[in-house]
Amino acid sequence: MAHTKRYGQYFTPQDVAQTLVRWAVRRRKDRILDPSCGDGEFLVCHPYSVGIEIDSKHAATARERAPASLVHESDFFAWAEQTHERFDAVVGNPPFIRYQGFAGDMRMRALKLAKQIGADLPQLSSSWAPFIAGAATLLRQGGRLSFVVPAEIGHANYAIPLIRALAKSFARVHIAAIREKVFRNLSEDAWILFADGFGGTAQYIELSILDRFEASADPPQPLRRVSLEAWERSRGRLRRWLLPEDVLTLYEALEESDQTYRLGSIADVGIGYVTGANDFFHLRPSVTRALGIPPELLKVTVRKGELLPPASNLTRQHVRNWIENDEAVFLLHLEAKKSLPKSVCAYLTSAAGRAAQQAYKCRIRDPWYVVPNVTVPDAFLTSMSGESAQLVRNGTGCVATNSVHVVSLRNKRSYLPLQQAWGKTLTRLSCEVEGHPLGGGMLKIEPREAQRILLPKPPLGNDSLVEGLLNEGVMTMRQWRHCSK
Ligand SMILES: C[S@@+](CC[C@H](N)C(=O)[O-])C[C@H]1O[C@@H](n2cnc3c(N)ncnc32)[C@H](O)[C@@H]1O
């Protein structure tokens, strides 16, 4: 794996590094630490600095660029375990490595260190969160922390224990949300986290909302003070505070109103089935005919979100079109303990079948060819959307892969109220607030986020003032996810 990806090597623009060091350093002789110093962009800003870097090439460059600093070539978590040094400030831009790449001993050490300031981070945490918690454990009383962080600090589940722990360990916790990209070539947006007064406790999170990063001697004035109770009520998601204040006030009033309800109160939202070997299990109509697979062993499936029509109903005509176009929309749907026709046995034991059987998901199930969790939902919900999330009624008994979400109404409820509520501005705003940006202008909605989508009850009145505010909210959130539509 290239080092850039393996170690999350994206270096910080000079003005950002200089500014973060200025915010953190109070006295000339303050000793500062960058736990993942790369080529030393932060170290060069202050002579009394210590940098840790795992990559020898970058550690060497950092030594050259910042001769007055001390650079240790090491895994930060291994180094932190044995050092007795303490610092006035910790600064930097921690590596952003998703949990799949941040594993083994390093992750174990990282999560253990994070616990020292009370951050009980889940195994699925990306690397940046334990870097910040771990670096904080090395501060002197009254110390400061100033880091570039991914914007997902505003919605990721694992950011919650980090922010909670920071609020219990610092007198001030300040997050600056920055709309324009700090790293031009990265799809992930970057925000800034600043905390001051190590050893104190904060009652609220200070939030600055900035169009773009600007160099400054001190942190920008916070626009909002988000009380920890309000933040907890929002399930630890800061995203909603990006809304203009009057829109947020309206949204919160609507959340409390008996004229609204959450999608999760009437329906289950989950992911579609996972085959483990999509090309083997999904067949084109022409191939099913050639193989002689009986129709009763095939189910028509929404294989990709893109197949869903822009309309709010998936009809027989759509399915006929897929079949006429010979799309691979037939799922081979076999059941355990049923005898299989010869044609199917031949397909299962073909070269393609033997290859599919080796795929991880197939290897771990018995029998390998029975795809679990194939259900016929009431509707499909796009999990990744451009302009807005689509809810499409399943009028045809189709099933779906995990590329879309499946929505099943509880207790045989009528679909109509949900269908009517879906196009409403409140629903669109709620999708933006409860979902999150995925980069490239996309909106991602996880099933647990979808359950929180707020829907208006009938009669669905159209107060123009309310509509105007809700629309403003939609536009604001779209700007934050760089959606130009
Ligand atoms: C996002 S870069 C930031 C570098 C530098 N602070 C800057 O902002 O320009 C993260 C750096 O962390 C280093 N790194 C990754 N894992 C590390 C670890 N476990 N210990 C120390 N450094 C690590 C990477 O090699 C990379 O240079």
(request) Scan segment 381-429 for residues that are assigned to a helix (DSSP H, G or I) and touching a residue at least 12 places away in the same chain (Cβ under 8 Å) and jot them down. (result) PRO417, LEU418, GLN419, GLN420, ALA421, TRP422, THR425, LEU426, THR427, ARG428, LEU429
(message) Going by what's in this entry, would ALA400 be described as among the aliphatic types (A, V, I, L, M), in contact with a helix residue (DSSP H, G or I) (Cβ under 8 Å, 6 or more places away or on another chain), at pLDDT 95 or above and surrounded by 13 or more Cβ atoms within 10 Å (Cβ to Cβ)?
(response) no
(message) Pairs needed: first member in segment 1-22, more than 8 Å from the ligand (Cβ to nearest atom); second member anywhere, at pLDDT 95 or above and part of a helix (DSSP H, G or I); C-beta distance under 8 Å; at least 6 residues apart or different chains.
(response) GLN18/CYS45; VAL21/CYS45; ARG22/CYS45
(request) Among the residues of segment 350-364, count how many are in a loop (DSSP other than H, G, I, E, B) and either touching a helix residue (DSSP H, G or I) at 6+ places or on another chain (Cβ under 6 Å) or surrounded by 14 or more Cβ atoms within 10 Å (Cβ to Cβ) (or both). (result) 1
(message) What are the pairs with Cβ atoms under 6 angstrom where one residue, in segment 135-157, is under 19 Å from ALA177 (Cα atoms) and the other, located anywhere, is within 15 Å of the ligand (Cβ to nearest atom) and charged (D, E, K, R)? Sequence gap at least six, or different chains.
(response) PRO150/GLU188; ALA151/ASP189
(message) Being within 13 Å of the ligand (Cβ to nearest atom), without any contact (Cβ under 8 Å) to a residue 24 or more places away in the chain and under 29 Å from the mean Cα position of the chain (by Cα): is that true of GLU53 here?
(response) yes
(message) Condition first: at pLDDT 95 or above, within 14 Å of the ligand (Cβ to nearest atom), surrounded by fewer than 22 Cβ atoms within 10 Å (Cβ to Cβ) and of a type in the set (Gly, Ala, Ser). Now tell me which residues in segment 74-129 satisfy that.
(response) SER74, ALA78
(message) Let me confirm something: among VAL344, VAL287, which residue is in contact with a Leu (Cβ under 9 Å, 6 or more places away or on another chain), over 30 Å from TYR415 (Cα atoms) and modelled with pLDDT of 95 or more?
(response) VAL344
(request) Run MET442 past the list (1) loosely packed, with under 13 Cβ neighbours inside 10 Å; (2) without any contact (Cβ under 8 Å) to a residue 60 or more places away in the chain and report the number of the one that doesn't hold. (result) (1)
(message) Please pick out the residue among ILE97, ILE160, ILE153 that is of a type outside the set (Phe, Trp, Tyr) and under 18 Å from ALA80 (Cβ atoms).
(response) ILE97
(request) Just give me the residues in segment 133-171 being away from the ligand (no atom under 16 Å from the Cβ) and within 22 Å of ASP189 (Cβ to Cβ), in sequence order. (result) GLY154, HIS155, ALA156, ASN157, TYR158, ALA159, ILE160, PRO161, LEU162, ILE163, LEU166
(message) Given (1) surrounded by fewer than 23 Cβ atoms within 10 Å (Cβ to Cβ); (2) assigned to a loop (DSSP other than H, G, I, E, B); (3) of a type outside the set (S, T, N, Q), identify the lone condition not met by CYS37.
(response) (1)
(message) For segment 28-45, give me each residue that is of a type in the set (Gly, Ala, Ser) and more than 6 Å from the ligand (Cβ to nearest atom).
(response) GLY40
(request) Using the structure shown, decide if LEU254 is over 23 Å from PRO161 (Cβ atoms) and touching a Pro at 6+ places or on another chain (Cβ under 9 Å). (result) yes
(message) For a quick check of your reading: which strands (runs of 3 or more DSSP E) sit entirely within segment 183-286 and have at least 1 residues that are of a type in the set (Lys, Arg) and within 24 Å of the chain's Cα centre (by Cα)?
(response) 224-227, 260-262
(message) Looking only at residues that are closer than 20 Å to ALA89 by Cβ and of a type outside the set (Lys, Arg) in segment 56-69, which one is farthest from the chain's Cα centre (by Cα)?
(response) ALA68
(message) I'm checking my understanding of the structure. Among residues of segment 435-480 that are aliphatic (A, V, I, L, M) and part of a loop (DSSP other than H, G, I, E, B), which one is nearest to the chain's Cα centre (by Cα)?
(response) ILE445
(message) Considering only segment 329-343, I want to know if a residue exists there that is in a helix (DSSP H, G or I) and not small (Gly, Ala, Ser).
(response) yes
(request) Can you tell me which residue among LEU228, LEU243, LEU250 is touching a Ser or Thr at 6+ places or on another chain (Cβ under 9 Å) and at pLDDT 95 or above? (result) LEU243
(message) Going residue by residue through segment 369-383, is there one that turns out to be over 30 Å from ILE266 (Cα atoms) and buried (at least 19 other Cβ atoms within 10 Å of the Cβ)?
(response) yes
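The values are calculated or read from the model by the stated rules, or taken from the named source; none is laboratory data. As the structure is a computational prediction, the values presented were derived from the model and not from experiment. A quick note on method: Cβ atoms are made from the backbone with ideal geometry, for glycine too, and the neighbour counts reach across all protein chains shown.
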